[in-house]
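What follows is a short report on a single structure.
The values are calculated or read from the model by the stated rules, or taken from the named source; none is laboratory data. Given the structure is predicted, the values throughout are model-derived calculations rather than measurements. Every residue, glycine among them, receives a Cβ derived from its backbone with ideal geometry; neighbour counts consider all protein chains shown. Accessible surface is based on the protein model in full, side chains and every heavy atom, while ligands, DNA and RNA are left aside. Shrake-Rupley method; radii C 1.70, N 1.55, O 1.52, S 1.80 Å.
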Amino acid sequence: LPVQEPRDQAGEEQRIRALLPTLTDQFVRYECLLLLHFYALQTKDGDAAAEKLLLEAAALNPRHGLPVLGNYYYRRNRFAEAADVYQKALPLRPNDVTVLAWAAESLLLSRQDSALQQLIKEFKPEGREKLLCAYYLEALQAYLERDGSKLSQALTRSDRRFRSPLAEVLSLGANIHSGNHREVVRIAGELAADANLLEFRARGDQLLLPYL
């Protein structure tokens, strides 16, 4: 078997930082900024440096960088900032239903209900992928309305196309409505086991209260 030398991350990071001011190719510079952001996240208290690098990357290449920046905010429960960034990305990615779903989720999670309703109203489901997204938006609407029947139907029609912590909360609600105890226990356990999912665990607990 081939033996790989251990990766010299510190040395590689220094080389990239030294090279960065000389780069004229925007895409190469963007990729370097992303790599430096990953390195920053691996250091103690590196979040601020990582965010600064992502902001620079998004300014340089907004079509690709804005969704990455939105994901950064989403994973840190900074949902209002994530919603703002995802919405800025939508005109640049008009056929990207995943970014649209992330934008809708972030609006819901940051309690911007009127903005979410407007997003749903303006969305035109043309083609299969957008139709599946429309059903997922319908599931988000049903979750807000606490309509278990509508939620279950919409999630089924969406073909479970979208995967996220909030999608798991929606699935929990649908399984509570249908009485699928095994799935309820499984999803609730997964939400409780991950310390990074406190917001979603709390939302799951709200759905479980009447069920217990």
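Here are the numbers:
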{"read-out": "Some residue of region 162-174 being in contact with a Cys (Cβ under 8 Å, 6 or more places away or on another chain) and either among the hydroxyl-bearing types (S, T, Y) or within 22 Å of L119 (Cβ to Cβ) (or both)", "value": "yes"}
{"read-out": "One residue from L197, L209 being at pLDDT below 95 and open to solvent by 90 Å² or more (accessible area, probe 1.4 Å)", "value": "L209"}
{"read-out": "Residue count, region 96-139 (criterion: of a type in the set (S, T, Y), surrounded by 14 or more Cβ atoms within 10 Å (Cβ to Cβ) and farther than 21 Å from V68 by Cβ)", "value": "2"}
{"read-out": "Residue that is nearest to the chain's Cα centre (by Cα), among those in region 84-116 that are over 20 Å from R163 (Cα atoms) and in contact (Cβ under 8 Å) with a residue 12 or more places away in the chain", "value": "K88"}
{"read-out": "Scan of region 156-166 for residues that are of a type outside the set (S, T, N, Q), within 19 Å of S106 (Cβ to Cβ) and in contact with a helix residue (DSSP H, G or I) (Cβ under 8 Å, 6 or more places away or on another chain), ordered by number", "value": "R161, F162, P165, L166"}
{"read-out": "Selected residue (only one of L19, L23, L33, L53 is touching an Asp or Glu at 6+ places or on another chain (Cβ under 7 Å) and not aromatic (F, W, Y))", "value": "L33"}
{"read-out": "Lone unmet requirement of (1) touching a helix residue (DSSP H, G or I) at 6+ places or on another chain (Cβ under 9 Å); (2) surrounded by fewer than 17 Cβ atoms within 10 Å (Cβ to Cβ); (3) of a type in the set (K, R) for R93", "value": "(2)"}
{"read-out": "Selection within region 6-30 - within 19 Å of L55 (Cβ to Cβ), open to solvent by less than 90 Å² (accessible area, probe 1.4 Å), modelled with pLDDT of 90 or more and not aliphatic (A, V, I, L, M)", "value": "R29, Y30"}
{"read-out": "Residues that are over 22 Å from the mean Cα position of the chain (by Cα) and either among the acidic types (D, E) or open to solvent by 30 Å² or more (accessible area, probe 1.4 Å) (or both), drawn from region 146-156", "value": "R146, D147, S149, K150, Q153"}
{"read-out": "Tally, over region 43-60, of residues that are in a loop (DSSP other than H, G, I, E, B) and in contact (Cβ under 8 Å) with a residue 24 or more places away in the chain", "value": "0"}
